[in-house]
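The values are calculated or read from the model by the stated rules, or taken from the named source; none is laboratory data. This structure is a prediction, so every number in the text was calculated from the model and none was measured. Heads up, the Cβs are rebuilt from the backbone with ideal geometry, glycines too, and the neighbour counts pull from every protein chain shown. Side chains included, ligands, DNA and RNA excluded: accessible areas come from the protein's heavy atoms. Shrake-Rupley method; radii C 1.70, N 1.55, O 1.52, S 1.80 Å.
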Amino acid sequence: MPPLVLALLIGVTSGMRSMTAPMAISWAAYAGWLPLGGTWLGWLGWWGTPWIFTLLAIGEYIADKLPTTPSRKAPPGFIGRLLSGALCGAAIGLAASSLPLCLAAGVAGAVIGTFGGHAARMALSRAFGTDLPAALIEDLTAIGIGAFAVASL
């Protein structure tokens, strides 16, 4: 699959769950699927990085279900998702010698994932009559998209 498409998909993952994309990218780098060693993003493949991002992702899955969690569309959360998409898109682009385009695709994907994920979750919440099943479906979708993107590297 073209790196630009993979960067867009990992960006969508970032927009849905901001820590899931770096978790997937860091596991891919650690496993050697994403050759980042010797680059400025080589730290993503260090032995501890995937574990740290995994813990952060689990924390985000839990925090997302709390009623006090701010909207993903509010500036701090939205900016974090854009940065996550940029970082993950850049990692794919760096490995594929297409850094600027993949970085931009990661950011575009984060915008799509943020607003598209929110709209889908709201529709599912209305259909279920409660938010928890919709949130869990969104978690699984983000994990699935991220896993697909890194497995396609």
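Suppose all protein chains stay in the model; what accessible area per residue would a 1.4 Å probe give for region 99-153, in Å²? Spell out each step's value before the answer.
Numbers: 2690 Å² over 55 residues.
Each residue of region 99-153 exposes 49 Å² on average to a 1.4 Å probe.
Rounding to the nearest 20 debye, state how big the charge dipole of the chain is about its Cα centre with +1 on each Lys and Arg Cβ and -1 on each Asp and Glu Cβ.
On the way: 7 positive and 5 negative charges, 44 e Å.
So the magnitude is around 220 debye.
Mind giving me the FRET efficiency for L66 and M1? R0 is 30 Å, r the Cβ-Cβ distance, nearest 0.05 is fine.
On the way: r = 36 Å, r/R0 = 1.18.
With R0 = 30 Å, the Cβ-Cβ based efficiency is 0.25.
What are the DSSP H helices in the chain that stretch 24 Å or more along their long axis, judged by alpha-carbon atoms, and whose average Kyte-Doolittle hydropathy comes to at least -0.5?
Numbers: long enough: 75-95 (30 Å, 1.25); 99-128 (41 Å, 1.17); 132-151 (28 Å, 1.63).
In the chain, the long hydrophobic H runs are 75-95, 99-128, 132-151.
Determine the per residue accessible area of region 39-87 with all protein chains present and a 1.4 angstrom probe, expressed in square angstrom. Kindly include the intermediate steps, with their values, before the conclusion.
Numbers: 2990 Å² over 49 residues.
Ligands and nucleic acids excluded, the figure is 61 Å² per residue.
Let me check against my output: what whole-number percent is the relative contact order of the chain, with C-alpha pairs under 8 Å and at least 6 apart? Write down the numbers at each step before the final one.
Values: 273 pairs, mean separation 61.7, N = 153.
About 40 percent, as a whole number.
Hey, if we sort Y61, Y30 by accessible area with the 1.4 Å probe, largest down, what's the order?
Descending accessible area places them as Y30, Y61.
Gap in Å between the Cα centre of region 14-39 and the Cα centre of region 104-153?
That distance is 18 Å.
Arrange the peptides 41-48, 81-88, 129-136 so that the one whose residues have, on average, the most other Cβ atoms within 10 Å appears first. Provide the component values of the computation, followed by the final result.
Values: 41-48: 15.8, 81-88: 25.4, 129-136: 13.5.
The peptides rank, most packed first, as 81-88, 41-48, 129-136.
Among F148, I25, A135, which residue has its Cα furthest toward the positive end of the charge dipole of the chain, with +1 on Lys/Arg Cβ and -1 on Asp/Glu Cβ?
Positive-end residue among those listed: A135.
Calculate for the chain the 222 nm mean residue ellipticity that helices alone would give, adding -39,500 (n - 2.57) per DSSP H run of length 4 or more and normalising by residue count, nearest 500 deg cm²/dmol.
Working: 6 runs with 113 residues, N = 153.
Taken over the chain, the calculation gives -25000 deg cm²/dmol.
Where the accessible area of the chain is counted over protein heavy atoms with a 1.4 Å probe, how much of it, in %, is carbon and sulfur?
Reported share for carbon and sulfur atoms: 78 percent.
If I histogram all Cα-Cα distances within the chain using bins 10 Å wide from 0, what percent of pairs lands in each bin?
Answer for the chain: a P(r) of 13, 44, 31, 10, 1, 0 percent.
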